[in-house]
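Trainee: Let me give you the structure first, and then I'll get to my questions.
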Amino acid sequence: MELRHLRYFDAVAETMNFTRAAERLHVTQSTLSHQIRQLEEELGLVLFDRGHKRVALTEAGEMLRTHLVPALQQIDRGLQALSHPPETLSGELRIGATHSFNTRLVPLCVSSFLGYHPGIRVSVEELSAELIAKRLASGHLDLGVSYKPDDRPELWFEPLYNEELRLVVAATHPLARRRRVRMIELNHCRMVLLPAQFSTRQLLDDCFEAAGAQPLVIAELNSIAPMIELIRQTDLAGIIAETAVTPSPDLRVVPIEDPTPIRTPGLLWKKGANRSPMVKHMASVIRRAAG
């Protein structure tokens, strides 16, 4: 069954005349009659009572049209929305994103969003999860892409997906050829990590403690991009979300187990805040990209 079969049925049902319906649809009457017969054969039902003087809907035809008309109207509204430019919005959208999401996900989403709403000014701040929560609560941000904050009942958190953090090393590192690395094997490993105030670092410290590992933290950087560059140029290892690492022949990304550090990123906004159409649209763009 195809959409044209249903449109042909609806035209005949509205006009109760095959000739007039064919004229409206710009097809021959024989083509229209053939398409209606195909529909009836597929359904195993007679939809029209074809008398000598008039055409009438059968009981099955009446039932089909009752449900079909709203569906066709909804389809037409959707097609009409695609053929017209989206509603013109203006103003400023303020987003807070943690470092890993601001590397690839957020720029991708902002690009898509501006394609729909070129008149909106988008401001993105790269912040720690704690600062994002504070600025959302104070009204200085409209939307956050971060992790679920502790003790923030005034904020809504919508999880997007679960992601594993992975070991990132240079191609020449002793662990570069490993298929997997256990957390205990990172004991005394020379590493670069985020500073202690970051929620990701707190998660990693908990994993190290659970495994009984004590890495040698040689450097702490508060941004992912310079951390990756430092890993590329030294013997230091890092633990970073794979989505934040651009594939490169001189880097290796290795899964970690026992335990596997896992984060759940999501959308954050203030409870009770009036979410504007542009905030809702950006949230939907991020959901699609994350999915």
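Trainee: Filter the stretch 21-36 for residues that are open to solvent by 70 Å² or more (accessible area, probe 1.4 Å) and not in a helix (DSSP H, G or I) and give the result. Walk me through how you get there before you give the answer.
Mentor: Of the stretch 21-36, the ones open to solvent by 70 Å² or more (accessible area, probe 1.4 Å) are 23-24, 26, 28-30, 34.
Residues satisfying the conditions are H26, T28.
Trainee: Right, next: Quick check, is L39 under 20 Å from H67 (Cβ atoms), part of a loop (DSSP other than H, G, I, E, B) and not β-branched (V, I, T)? Working first, answer last.
Mentor: Numbers: under 20 Å from H67 (Cβ atoms): yes; part of a loop (DSSP other than H, G, I, E, B): no; not β-branched (V, I, T): yes.
For L39, the condition - under 20 Å from H67 (Cβ atoms), part of a loop (DSSP other than H, G, I, E, B) and not β-branched (V, I, T) - is not met.
Trainee: Which one of P265, P277 is at pLDDT below 90 and closer than 24 Å to R182 by Cα? Write out each step before concluding.
Mentor: On the way: P277 fails: closer than 24 Å to R182 by Cα.
Being at pLDDT below 90 and closer than 24 Å to R182 by Cα holds for just one of P265, P277, which is P265.
Trainee: List the strands (runs of 3 or more DSSP E) inside the stretch 55-174, counting only whole elements, that have at least 3 residues being more than 21 Å from the chain's Cα centre (by Cα) and crowded, with 20+ Cβ neighbours inside 10 Å.
Mentor: Values: elements: 55-57, 91-97, 120-126, 143-147, 155-159, 163-170.
So the answer is 163-170.
The values are calculated or read from the model by the stated rules, or taken from the named source; none is laboratory data. Nothing here was measured: the structure is a model prediction, and the numbers come from that model. Counting neighbours? That spans all protein chains shown, and the Cβs are built from the backbone with ideal geometry, glycine included. Calculation scope for accessible area: heavy atoms of the full protein, side chains included, ligands and nucleic acids excluded. Shrake-Rupley method; radii C 1.70, N 1.55, O 1.52, S 1.80 Å.
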